[in-house]
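Bear in mind that the values in this text are calculations on the coordinates, not laboratory data. What you see is a predicted model; the values in this text were computed from it and never measured. FYI the Cβ positions are ideal-geometry reconstructions off the backbone, even for glycines, and counts take in every protein chain you see.
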Amino acid sequence: MEMFTKTQKAQSDNIYEKEVKSHIAPKDGFTHVLMINSLSKWINQLFGVEDKYTTQIDNILTKMQKEGYEIISVEHTAIKNQGLFKDMEGFHTLISYK
């Protein structure tokens, strides 16, 4: 499980540097939003923590806070039958921040 978590965090680091940073608004006192699209882990049939989503979104939130942004809210929407084989859930995560 630890190996998967490291890979998930590395993917999240990459997305943060290559995509998220360029879409974060400057600190101006106003509330802004950021939409992150993601997929569940491949086999998501069990009751338990969705570790892929948790690791990746938490990492992005942590990085934003380390850069001085205040997270106001995190909301998500789940969409079933996503992915190449329609066996995953898609997540749209809306992060409101200042």
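Numerical summary
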quantity	calculated
Computed over the range 1-97: relative contact order in percent, which uses C-alpha pairs under 8 Å that are six or more apart	34
With Cα atoms, 0 to 90° folded angle of helix 2-15 axis to the chain main axis	40
His32 paired with Ala10, simple spin-label distance in nm, labels 7 Å along Cα-to-beta-carbon	3.0
Count, lysine Cα pairs under 12 Å in the chain, 8 or more residues apart or across chains	6
Under Karplus coefficients 6.51, -1.76 and 1.60, residue-wise ³J(HN,Hα) of the range 31-36 in Hz, glycine/proline x	8, 10, 10, 9, 9, 10
Ellipticity estimate at 222 nm from DSSP helix runs (n ≥ 4, -39,500 (n - 2.57)) divided over the chain, nearest 500	-10000 deg cm²/dmol
Residue range of the chain that is longest and free of GluC sites (Glu not before Pro) which are both DSSP loop and sparsely packed (at most 11 other C-beta within 10 Å)	1-66
Spin-label pair Lys98/His76, simplified geometry with 7 Å Cα→Cβ offset, distance in nm	2.6
Distant alpha-carbon pairs in the chain (separation over 19 angstrom), percent	44
